[in-house]
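Colleague: Below is the structure I would like to discuss, written out as structure tokens.
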Amino acid sequence: MRLVTLLLVPAALLGGPPRYARLGEFQGQVQVQLTAADPWMAAERNLPLTESAWLRTGAGARLEIEFDDGGAWRLGPDSLGEISDYTVLSTGQRITLLSLDQGTAYYTGQPLGKDVTMLVMPGAQLTLLQGSRVRQTVQPTWSQVAMLEGQVRFSSPAAEMDIREGTTARVEPANPSRFFLYPEVAAESLDRWSEDRDKALTAPASAAYVTARYGLADLDSSG
């Protein structure tokens, strides 16, 4: 796992109740490793996921993970990601850190109250500042974030700034001084899938469940 920085939390603040994410819709070959000591196993819908769970997808596969704070993280084909930090402090603040090591991922969500949500990829990390939709792409020589909606704090060895909707940032982990910022977002074939899943999570039939558990309805209506 390649993190730019780590969240440092005083030990006295730890010890809140465990948090559980849910493995939701998926198709194709999807595997899960619940802890480092466990073997990889085939995914199961509604499987509870905790901190340190790894997920990987095969060619043509995709999956969705739903979080207790309203977020949804989706992995496209040939992707590898980890729920690196998924804790709640004794103060009630929730910390969510999701790492993408390869492939493509989409995150939809918003930080609630003092909660912290971070997305990490080789060479860079993002901290959500408001309700956002983000596309991450990790290839062998570069990492890229495309802001589909909202605003995040972007951090890398070469730059630290807020980036907004309609902006794409790219880094090259092997060349930390290189940083590229583009005032546009190129459409990709998986974008429609993620958008459709956002709509499904906020559809009237599931509105009571989504609003109470995941909070995506407010984000959807803001755009």
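Colleague: Does W40 fit the bill of being modelled with pLDDT of 95 or more, open to solvent by 40 Å² or more (accessible area, probe 1.4 Å) and out of contact with any Leu (no Cβ under 9 Å at 6 or more places or on another chain)?
Modeller: So W40 fits the description; yes.
Colleague: OK, next. Only one of (1) at pLDDT 95 or above; (2) open to solvent by 50 Å² or more (accessible area, probe 1.4 Å); (3) out of contact with any Leu (no Cβ under 6 Å at 6 or more places or on another chain); (4) not in a loop (DSSP other than H, G, I, E, B) fails for E64. Which number is that?
Modeller: Going through (1) at pLDDT 95 or above; (2) open to solvent by 50 Å² or more (accessible area, probe 1.4 Å); (3) out of contact with any Leu (no Cβ under 6 Å at 6 or more places or on another chain); (4) not in a loop (DSSP other than H, G, I, E, B) one by one, E64 breaks only (2).
Colleague: Continuing with the same structure: On the given criteria, is Q125 part of a strand (DSSP E or B), at pLDDT 95 or above and either open to solvent by less than 10 Å² (accessible area, probe 1.4 Å) or within 24 Å of T50 (Cα to Cα) (or both)?
Modeller: yes
Colleague: Follow-up. Which one of these is farther than 18 Å from W73 by Cβ, surrounded by 19 or more Cβ atoms within 10 Å (Cβ to Cβ) and of a type outside the set (A, V, I, L, M, F, W, C): S143, S132, S177, S156?
Modeller: Only one candidate qualifies: S156.
Colleague: In the list V120, V185, which residue meets the criterion of being more than 30 Å from W40 (Cα to Cα) and hydrophobic (A, V, I, L, M, F, W, C)?
Modeller: Just one listed residue meets the conditions, V185.
Colleague: In region 67-82, how many are buried (at least 18 other Cβ atoms within 10 Å of the Cβ), farther than 21 Å from T202 by Cβ and touching an Asp or Glu at 6+ places or on another chain (Cβ under 6 Å)?
Modeller: Residues meeting the conditions: 0.
Colleague: Can you give me the number of residues within region 67-80 that are assigned to a strand (DSSP E or B) and either more than 16 Å from L34 (Cα to Cα) or at pLDDT below 95 (or both)?
Modeller: 4
Colleague: While we're looking at this one, here's another question. Please return the ranges of strands (runs of 3 or more DSSP E) entirely within region 131-223 where 3 or more residues are more than 29 Å from D68 (Cα to Cα) and at pLDDT 95 or above.
Modeller: Where strands (runs of 3 or more DSSP E) fall fully within region 131-223 and carry at least 3 residues being more than 29 Å from D68 (Cα to Cα) and at pLDDT 95 or above, they are 179-182.
Colleague: Return a yes/no flag: does region 7-14 have any residue that is modelled with pLDDT of 95 or more and either closer than 21 Å to L126 by Cα or open to solvent by less than 30 Å² (accessible area, probe 1.4 Å) (or both).
Modeller: no
Colleague: Among the candidates L128, L148, single out the residue that is under 22 Å from Y20 (Cα atoms) and either touching a Lys or Arg at 6+ places or on another chain (Cβ under 9 Å) or in contact (Cβ under 8 Å) with a residue 24 or more places away in the chain (or both).
Modeller: Checking each option against the conditions leaves just L128.
Colleague: Any idea how many residues of region 21-37 are farther than 20 Å from A105 by Cβ and either open to solvent by less than 70 Å² (accessible area, probe 1.4 Å) or modelled with pLDDT of 95 or more (or both)?
Modeller: Residues meeting the conditions: 1.
The values are calculated or read from the model by the stated rules, or taken from the named source; none is laboratory data. The structure presented is a predicted model; accordingly, all values stated were derived computationally and were not measured. All Cβ positions, glycine included, derive from the backbone under ideal geometry; neighbour counts span all protein chains shown. Side chains included, ligands, DNA and RNA excluded: accessible areas come from the protein's heavy atoms. Shrake-Rupley method; radii C 1.70, N 1.55, O 1.52, S 1.80 Å.
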